[in-house]
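Read the structure below first, then the notes.
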Amino acid sequence: GQSLEQPSEVTAVEGAIVQINCTYQTSGFYGLSWYQQHDGGAPTFLSYNALDGLEETGRFSSFLSRSDSYGYLLLQELQMKDSASYFCAVRDKTGFQKLVFGTGTRLLVSP
Amino acid sequence: EAGVVQSPRYKIIEKKQPVAFWCNPISGHNTLYWYRQNLGQGPELLIRYENEEAVDDSQLPKDRFSAERLKGVDSTLKIQPAELGDSAVYLCASSPTGARANVLTFGAGSRLTVL
């Protein structure tokens, strides 16, 4: 099976940079995804890393290292609206190729 | 384009009652997912459809849960009878095939409270 670990909560101030880590255990997977979810809202897709390295999309960047079974989401120039939960997810290569989500990291941005 | 539409948004029932949730995915998305999300947790897959075929229902508690996706478009998830532990948000998501198969679009969810 798969397991993904994320910190439960991260706090930061507006304008700062924050990194949310995700470590995973899986026998093989296609790539690492990140989703954002505001309280009471739907998860929304942020990024997908199929290959090792850094992917940048505006203020958000995502990194993957398959050899270290590790990835992270980097949020720059934090804004209050970035306060939300962030989930990493992997799609397993075995069995049903299930997309499995981590337990999520709650990001609190303060003024 | 319209997103993934789910109904109802909220449902409160007593235990042992039945409940059904409906989902209309994004037009053209062949893959449809039902996830369950408990408070403070990540979504957990219940069932995944490719068109009208359920390709992964390994996590669906089949003694009380059922799902269907007739004609490969909209889908219904049913619980009968509901138990207290079924209180959660039921999320429907869809995705296209091909290069963007890993980009899931979620609906707003159906929040179930079982009393």
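The values are calculated or read from the model by the stated rules, or taken from the named source; none is laboratory data. Quantities reported herein were computed from a predicted structural model and do not represent experimental measurements. Note that each Cβ is placed from the backbone with ideal geometry, even for glycine, and that neighbours are counted across all protein chains shown. SASA here: full protein model, heavy atoms, side chains in, ligands and nucleic acids out. Shrake-Rupley method; radii C 1.70, N 1.55, O 1.52, S 1.80 Å.
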Exercise. Express in whole angstrom the spacing between the alpha-carbon centres of segment A:41-101 and segment B:50-102.
Key: 24
Quiz item: Averaged per residue, what accessible surface does chain B expose to a 1.4 Å probe, in Å²?
Solution: 50
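Between beta-carbons, use under 10 Å as the cut-off and find the net charge around A:LEU107, counting Lys and Arg +1, Asp and Glu -1.
Here the charged neighbours net out to -1.
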Quiz item: When only Cα pairs under 8 Å and 6 or more residues apart are kept, what is the percent relative contact order across segment B:55-115?
Solution: 27
Quiz item: By the scheme Lys and Arg +1, Asp and Glu -1, what is the net charge of all other residues having a beta-carbon under 15 Å from that of B:ASN38?
Solution: -1
Quiz item: Counting only the backbone N, which residues of segment A:77-111 are under 20 Å from the spot 7 Å out from the Cα of A:HIS38 toward its beta-carbon?
Solution: A:77-88, A:104-111
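State which entries of A:LYS81/B:LYS16; A:LYS81/B:LYS78; A:LYS93/B:LYS11; A:LYS81/B:LYS62; A:LYS98/B:LYS11 exceed 32 angstrom in Cα-Cα distance in the structure shown.
With Cα atoms farther than 32 Å apart: A:LYS81/B:LYS16; A:LYS81/B:LYS78; A:LYS93/B:LYS11; A:LYS81/B:LYS62.
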Quiz prompt | Reduction of at least 30 Å² in accessible surface, 1.4 Å probe, comparing all protein chains with the chain by itself, residues of segment B:68-109 | solution = B:ASN102, B:VAL103, B:LEU104, B:PHE106
Quiz prompt | q = 0.14, 0.18, 0.19, 0.22 Å⁻¹, chain A: log10 I(q)/I(0) [Debye, one scatterer per Cα] | solution = -0.51, -0.83, -0.92, -1.20
Quiz item: Net charge near A:LEU32, counting Lys/Arg +1 and Asp/Glu -1 over other residues with Cβ under 11 Å of its Cβ?
Solution: 0
Practice problem: Hey, could you get me the Stokes-Einstein D for segment B:18-115, Kirkwood radius over alpha-carbon pairs, 37 °C and 0.692 mPa s, rounded to whole µm² s⁻¹? | Solution: 243
Quiz item: Hey, got the dipole for the protein assembly as shown? About the Cα centre, +1 on K and R Cβ, -1 on D and E Cβ, debye to the nearest 20?
Solution: 540
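How big a patch of accessible area, both sides summed and in Å² to the nearest 100, lies buried between B and A at a 1.4 Å probe?
1600
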Quiz item: Accessible area drop of at least 10 Å² (1.4 Å probe, protein heavy atoms): which residues of segment B:9-56 qualify, relative to the chain alone?
Solution: B:ARG9, B:TYR33, B:TYR35, B:GLN37, B:GLY40, B:GLN41, B:GLY42, B:PRO43, B:LEU45, B:ARG48, B:VAL55, B:ASP56
Practice problem: Take every Cα pair under 8 Å in chain B that's 6+ residues apart, average their separations, divide by the length, and report that relative contact order as a whole percent. | Solution: 37
Quiz prompt | Size of charge dipole - segment A:27-81 - debye, nearest 20, with Cβ of Lys, Arg +1 and Asp, Glu -1, no other charges | solution = 100
